[in-house]
Amino acid sequence: MTDREAVAHLLRRATFGPTADEVDAAERAGPAATLDRLLNPNRADRGAAATPVPALPPDPYAALSKESSREQRQKANTERREQLQLLTSWWLDRMVAAEDGLSEKLLFFWHGHWATSAQKVKSARLMLGQLETLRRHARGPLGPLVAAMVRDPALILWLDGQKNTRKAPNENLARELMELFTLGIGSYTEADVKAGARALTGWVVDRRTGVARFEARRHDPGEKTILGRTGRFDAETYAGLLAAQPAAATFVAGRLWFRYAGSDVPPPAGLAGADTVATLRTLFSSPAFAQTRGTLVKQPVEWVVGALRQLGIRPSKLPEQQRKQLLAGLNALDQVPLRPPSVGGWPAGAAWLTTSSLQARLRTAGMLAAATAPAVLARLTAAPVAGRPDALARLLVVDAWGARTRAALTPLAGEPRKLLAAGLVSPEYTVS
Amino acid sequence: MDTLTRRKFMLASGVVGASALAAGAGAYGLRDLLDTAGDRDPRSRTLVLVTLYGGNDGLNTVIPYGDPAYRAARPELAYPDDEVLRLDDDFGLNPALAGLHQRWSGGGLAIVRGVGYPKPDRSHFRSMDIWHTAQPDRPGNTGWLGRWLDGAGGDPRLAVSFEPALPPLLAGARSAGAAVPVAERKAAKGLPAETLTAFAAPEAGESAARGRAAACFADLRSVDEMIRQVRDSAETDEADPDGEQAPATATGGARTPLDAQLDLVAQCVEAEVSTRVFSVSLGGFDTHADEKQLQAVLLGQVDRALTGFADRMSRTEAGRKVVVAVYSEFGRRVRANASDGTDHGTASDLLLLGAGVRGGWHGAPPSLTDLDDGDLKYTTDFRDVYATLLERVLDTDPGPVLADWRGRLGGLF
């Protein structure tokens, strides 16, 4: 692999998709310095500053009472949906605008890991609150992240934590906490699930204020034996116990590997570091990571956000119609931020490569090509017609087209927008 | 849209799709295509698999109302005797299943009792993987119907799902079923057909994922032609349930309503497309809290969708060769939790209806008192059901698909 290929591979995976200029700069800096800069940006993110977190009014449901009319309830429902749409659009715009691309993609990783959906939580403020918690702890050690998440209102509502009381515990949160978020299947028993549920009892969410609160009378203060340790576990000590398990570090590192490197090559030994940034450093530096080039299917959000960045499109600047098309495209591709289909998160790999998703990609690619910034298009058309497939590869940060794709692209060289759309749906671009 | 005649279908799909493929992928050949597309054996049957994601509470679906242990274990959640739709003196259906109850009376509904597998796993995902792969010891990465598809030639049109992402059960080792979108009428426009055909060509030395991405272009041409001819899609705008009643935590399942998915299946069947297996699904059954109302709403959807589908199928020759099987990854705990819900359980009943299915009870009901850590002990291995469906509906030797599984469910057909 040349240095340019190495930094392009790194940037494609560590961020939502680099522009050609970013790859140029990274090539000049070299792979080691590029990795350092990704992991420790050490400068203010102007893109993030330009896309501030939206101010969300209180949950419209908080103003309702038992006496509220049907019309008032319907209005509250509509407002809730609008708030969620606003939040989703903002996040998409932030993903595109942010300069600290590693942190943005890492936040999306954690969102998919703790897979909480607005479909049940319904409150944009609570979803945003969870994102901010995830962002705060994204790069650090596991312990504080897990401790914060077991008290996160959105997660509690998502997994029925507020229904979990001493009288008869509800296992939903305890089970998924161990199976999906920390230890992975096989590292705990059914008895641990039952005891863990008792440890988590007592937390409720005040829908009015959006705050999670501990109610001692609902908590089971008795002794519990979890993972071979006996004590009066509560949410905090239980979270601490889980995060301290060697299985947790291995499991979470494995999930990072799965999303950043894929499932074709097994993760290297000793992947788990003291915190997420350390794990990512090991991950991106390992020879096994280099071997995964060209094997990872882009998730739809990765595919869309990468394309938006490369084509110079800011979703918030699009006309209403195209903005809607963009969200409709993500919906048809079955990956809308804030709405994971399952607490197990989004699928991966070939599950995204279906006839259905290809149709959606073709339509969205057409929309993206139509919205491409004139300056970007000019770079493509500045190349002589015969050289345009190569100019396209540079623009989309594809290392090289294979003969098949070149044969597909060449007849379109005279029609730059079609050429762009074809590049976006090509196997080389879809699988990075 | 009118039912498409078989001849129109052949013109629309077989030939057009075939030439595109011949020019392209090598994902499968012209001959395979003609064999499976237009020339469907009119005697062949169709399997429609309905997956309920989240773990449907079997004990409040087929209700053991005659057993005092039922009411004792879940006083708040139990249905009173007079609400249950009686099947016999011991069992009855959930009140939301009126249509299926009627079918039972006419001998058209089979209920297989206590279906599960050894060492039950209470994780949604692992248990669903087990049902998808039919490999309880170690779920691999192929689905049982994907392996069937491998053996049946690999044409993706043989096994179709109306979900955007492919359900694992349709993924084979060498081939994959087709995931067909419900709410999209228009074929993708913008790129010329030649471009799509060119993308379908395999590239030497390319990764498996890129190969699959290319093969999608080949599949698209064939599947798209087939479905375009039968589509009559009502736009299905997904709306979240409003109000304070919270849905269950999502654990998977299609976002398109079940009846809309089955509507498409019905149109495909009536057009006599080559598809032998349809996979449809409904999610939301993870009723850890406030279960009763939530489950009734979902079961009502299941009931309306299934009975509407079954009625429609009974009206055509092709429709009368359709078998429907309904299952979930597990049932729920016998005892209720304090949130008026139930936590993850084990064995549950499986419902079958359609062509040649013998209605009534099959297998033995699990005991409500002789439990395995609070959960039902399974009495029928789900692979017995799969093997029987492979043999009797798909006319296939189950051996290669189910690792030489010997069990069968006698008397089902």
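Since every read-out is calculated from the coordinates, none of them should be taken as a lab result. What you see is a predicted model; the values in this text were computed from it and never measured. Cβ atoms come from the backbone with ideal geometry, glycine included; neighbour counts cover every protein chain shown.
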Restricting things to Cα coordinates, could you compute the convex hull volume per residue of segment A:141-217 in Å³? 86 Å³
The correct pair for segment A:31-93, radius of gyration to one decimal and Dmax as a whole number, both in Å and from Cα atoms, is 19.7, 63
Distance from the Cα centre of segment A:70-120 to that of segment A:298-320, in angstrom? 16 Å
Fewest Cβ neighbours within 10 Å first, please rank B:F162, B:F413 accordingly. B:F413, B:F162
Sort B:E194, A:E27 so that the residue with the fewest other Cβ atoms within 10 Å of its own Cβ comes first and the one with the most comes last. B:E194, A:E27
Ranked output for segments B:350-358, A:375-383 by mean other Cβ atoms within 10 Å, highest leading, reads B:350-358, A:375-383
Find how much the distance from A:R208 to A:A328 grows on full extension, using 0.36 nm per residue of separation minus their present alpha carbon separation; answer in nm with one decimal. 40.1 nm
Per-peptide average of other Cβ atoms within 10 Å, ordering A:181-194, B:261-274, A:60-73 highest first: B:261-274, A:181-194, A:60-73
Expressed in nm², what is the orientationally averaged projection area of the convex hull enclosing the Cα positions of segment A:296-430? 8.2 nm²
What FRET efficiency would be calculated for the residue pair A:A247, B:R315, taking the C-beta separation as r and a Förster radius of 56 Å, to the nearest 0.05? 0.50
Residues other than B:V357 with Cβ under 11 Å of its Cβ, Lys/Arg counted +1 and Asp/Glu -1, net out at +4
Long-range Cα-Cα pairs in segment B:76-208 (distance over 24 Å), rounded percent: 59 percent
Let me know the mean shielding of A:115-126 by other chains, meaning the per-residue number of their Cβ atoms within 10 Å of its Cβ. 3
If packing is taken as the average count of other Cβ atoms within 10 Å, what order do B:56-69, B:132-145, A:227-240 fall into, highest mean first? B:56-69, B:132-145, A:227-240
Treating each Cα of segment B:295-392 as an identical point scatterer and ignoring solvent, apply the Debye formula and state log10 I(q)/I(0) at q = 0.13, 0.16, 0.21, 0.25 Å⁻¹. -0.60, -0.85, -1.19, -1.35
Residue-averaged beta-carbon neighbours from other chains (10 angstrom radius) around A:156-165: 4
Rg/Rh (Cα only; Kirkwood hydrodynamic radius) as it applies to chain A: 1.00
Reduced to Cα centres, the span from segment B:115-169 to segment B:354-413 in Å works out to 16 Å
Which residue fluctuates most in the GNM of chain A (Cα springs below 10 Å): A:A332, A:A422, A:A216? A:A216
How many partner chain Cβ atoms sit within 10 Å of a residue's Cβ in peptide B:332-341, on average, as a whole number? 4
How would you rank A:K122, A:K167, A:K224, going from fewest to most other Cβ atoms within 10 Å of each one's own Cβ? A:K167, A:K224, A:K122
Any chance you could list the semi-axes, whole Å, largest first, of the equivalent ellipsoid that the Cα gyration tensor gives for the protein assembly as shown, using √(5λ)? 41, 36, 24
Jot down the per residue volume, in cubic angstrom and as a whole number, of the convex hull over the alpha-carbon atoms of segment A:350-432. 88 Å³
Expressed as a whole-number percentage, the relative contact order of chain A with C-alpha contacts under 8 angstrom and at least six residues apart is 17 percent
In µm²/s, what is D for segment A:227-315 at 20 °C and 1.002 mPa s, where D = kT/(6 pi eta Rh) by Stokes-Einstein and Rh is the Kirkwood radius from Cα pairs? 138 µm²/s
Quickly estimate the mean residue ellipticity at 222 nm for the protein assembly as shown, helices only: each DSSP H run with n ≥ 4 gives -39500 (n - 2.57), and the total goes over all residues, rounded to 500. -13000 deg cm²/dmol
Separation in nanometres of the label points that stand 7 Å from Cα toward Cβ, at A:S316 and A:I185: 4.2 nm
Gaussian network model of chain A, springs between alpha carbon atoms under 10 Å - residue of A:T78, A:T279, A:T405 with greatest fluctuation: A:T78
In nm, spacing of pseudo-spin labels at A:A386 and A:R46 (7 Å Cα→C-beta vector): 4.0 nm
Per q in 0.11, 0.15, 0.19 1/Å, what log10 I(q)/I(0) does a Debye calculation on the alpha-carbon atoms of segment A:1-111 return? -0.51, -0.72, -0.96
Quick calc of log₁₀ I(q)/I(0), segment A:101-244, Debye, one scatterer on every Cα, no solvent, q values 0.12, 0.14, 0.17 1/Å, result -0.45, -0.61, -0.91
